[in-house]
Amino acid sequence: MGIIVETVSWDDPVGVRLRLEQQAEISERYGADTEPGPKPSETDVDLFLLARDAETAVAVGCGGMRRLDEETFEARRVYVTPVWRGRQIGEVLLRALEEAAVAKGAVRMRLETGTAQPESQRLYERCGYHRIDRFGYYADSPQSVCFERILVVSAA
C-alpha cells in the first residue's frame, strides 16, 4: 500500500468534503460543535494536504497547518477516513506537515485534539508528541488536549 501526499488549495472540493466528514464525526462524538476559537480558513491555513491511495488515487485523509508564531506551526484538520485508519496514514500526513513547517522556519509543531478522541492522542504520542498545557483558543476548553513536538533542535 502506497500513499501519495499532495498540496491542494483550501477550497479543493475533495478537501472540503473530508473536512466536513471530520466535523460531522467530531460533532457526533461531542454532541455538538465544541471547537473553541475561529475555524481554520483559507486566510490562516498556510498549507493543506491530501493523502491518496497510490493505486486508486482515492483520497483517504487530509491535514493542514497554520503559523502560530515565527517558530511554531499548528497542525489542523488532520483526518483519515474511517475505513483507512490503522495504516499509518495519520503519521504520513503529520510527517509531511512537519517537513513543510521546518522548510518555513519552524522549530516546533503544536496541535489540539479532544478528550473523546483517544485514538488521536495515541497517534500523536506514537509520533513523538508530548502533552503540553492548553494554549491559545484552547486554554479554557476542558475538552481540549494539546500536544507539541520539537522539530529542530536549536544550535544555541
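The values are calculated or read from the model by the stated rules, or taken from the named source; none is laboratory data. Small disclaimer: the values here were computed from a predicted structure and weren't measured. Note that each Cβ is placed from the backbone with ideal geometry, even for glycine, and that neighbours are counted across all protein chains shown. Each accessible area value is taken on the protein alone, full model and side chains, heavy atoms only, with ligands, DNA and RNA left out. Shrake-Rupley method; radii C 1.70, N 1.55, O 1.52, S 1.80 Å.
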Can you spot a residue in region 16-31 that is surrounded by fewer than 18 Cβ atoms within 10 Å (Cβ to Cβ), in a loop (DSSP other than H, G, I, E, B), in contact (Cβ under 8 Å) with a residue 24 or more places away in the chain and out of contact with any Phe, Trp or Tyr (no Cβ under 9 Å at 6 or more places or on another chain)? no
Scanning region 53-76 residue by residue, those farther than 14 Å from Val5 by Cβ, in contact (Cβ under 8 Å) with a residue 24 or more places away in the chain and either among the acidic types (Asp, Glu) or open to solvent by less than 70 Å² (accessible area, probe 1.4 Å) (or both) turn out to be Glu55, Arg66, Glu70, Glu71, Thr72, Phe73, Glu74, Arg76
Could you list, in sequence order, the residues of region 132-141 that are open to solvent by less than 100 Å² (accessible area, probe 1.4 Å) and farther than 17 Å from Pro38 by Cα? Ile132
Test for Tyr129: is it under 24 Å from Val14 (Cβ atoms), surrounded by 20 or more Cβ atoms within 10 Å (Cβ to Cβ) and not small (Gly, Ala, Ser): no
Filter region 1-15 for residues that are in a strand (DSSP E or B) and not acidic (Asp, Glu); the one that is farthest from Val92 (Cα to Cα) is Val8
